[in-house]
Amino acid sequence: MAVRQFADVFTTVAGVREYDLEAPSQQRVARVLRVFCDGSQLQTAASADSPVDIQAGGRPGAYYVSRTDSEGMLQLYPTPDRVYSVLVEVAFSPTRSATSVQDDLFDLWVDPVVAGALYRIYSVDGQAYSDPAKAMQQMSKALMLTRKARIEAEYGRVKSTRRVQSRAF
């Protein structure tokens with residue numbers, strides 16, 4: 001989840017709650033990170049907890065993502081009752097058939113990509129280059145570096161800290 005960006009702003013249609021999540025060529029939406037409706041951030045909901053009353057109308061206050069024919073669909077709740085402006089922040093990942101990837105993956109995050117590739121290569125059974133010990137070593141390295149990339153991406157490549165405001169008991 002190191003490649004993040006805001007998708008193009010779109011407007012809702014009254015009575016339509018499902019919207020296609022567009023991804024650039026050779027990429028797929030890995031995760032929806034945030035959704036804003038007319039400038040207000042919507043709450044997330046797990047698709048398993050999706051509202052039963054899909055006919056309820058109003059200004060969307062929550063969202064979840066469903067899959068239809070291998071495509072991610074953004075579901076808004078309640079169903080929009082008029083035109084609203086929606087902005088979605090998503091994380092992208094390359095498709096398995098990609099012949100090119102985002103520059104950031106190699107300019108900023110080449111080490112986790114290489115470690116993950118080496119893990120896959122060493123994991124192939126019955127080959128001269130197969131090595132379960134090296135595979136586990138590379139998998140561990142890839143996981144550590146991927147975690148680092150995700151955390152750095154959350155900060156947006158700026159120096160800052162996260163704070164939690166204390167509350168009195």
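No other residue among D131, D103 is out of contact with any Cys (no Cβ under 7 Å at 6 or more places or on another chain), without any contact (Cβ under 8 Å) to a residue 24 or more places away in the chain and farther than 25 Å from E152 by Cα apart from D131. Annotation note: Cβ proximity below 8 Å between a residue of segment 6-30 that is in the same structural domain as S85 (by TED's automatic domain parsing) and more than 15 Å from E89 (Cβ to Cβ) and a residue that is of a type in the set (D, E, K, R) and part of a loop (DSSP other than H, G, I, E, B) (sequence gap 6+ or interchain) occurs for T12/R82; A14/D81; A14/R82; G15/D81. Residues that are closer than 27 Å to Q41 by Cβ, surrounded by 18 or more Cβ atoms within 10 Å (Cβ to Cβ) and not small (G, A, S) occur at least once in segment 126-148.
Among the residues that make up segment 125-145, is at least one of them touching a Pro at 6+ places or on another chain (Cβ under 6 Å) and assigned to a helix (DSSP H, G or I)? Yes.
Could you tell me which residue of segment 21-65 is modelled with the highest pLDDT, considering only residues that are hydrophobic (A, V, I, L, M, F, W, C) and surrounded by fewer than 14 Cβ atoms within 10 Å (Cβ to Cβ)? Walk me through how you get there before you give the answer.
First, pick out the residues of segment 21-65 that are hydrophobic (A, V, I, L, M, F, W, C): 21, 23, 29-30, 32-33, 35-37, 42, 45-46, 48, 52, 54, 56, 62, 65.
Right, trim to surrounded by fewer than 14 Cβ atoms within 10 Å (Cβ to Cβ) and you get 46, 48, 52, 54, 56.
Details: A46: 76, A48: 66, V52: 61, I54: 64, A56: 73.
Among those residues, the one meeting the criterion is A46.
Surrounded by fewer than 17 Cβ atoms within 10 Å (Cβ to Cβ) and at pLDDT 90 or above, is that true of R96?
On the way: surrounded by fewer than 17 Cβ atoms within 10 Å (Cβ to Cβ): yes; at pLDDT 90 or above: no.
Here the answer is no, as R96 does not meet what is asked.
V86 passes every criterion in (1) assigned to a strand (DSSP E or B); (2) within 29 Å of L145 (Cβ to Cβ); (3) not aromatic (F, W, Y) apart from (2).
The values are calculated or read from the model by the stated rules, or taken from the named source; none is laboratory data. Values in this document were obtained by computation on a predicted structure and should not be read as measured data. Virtual Cβ from ideal backbone geometry, glycine too; neighbours counted across all protein chains shown.
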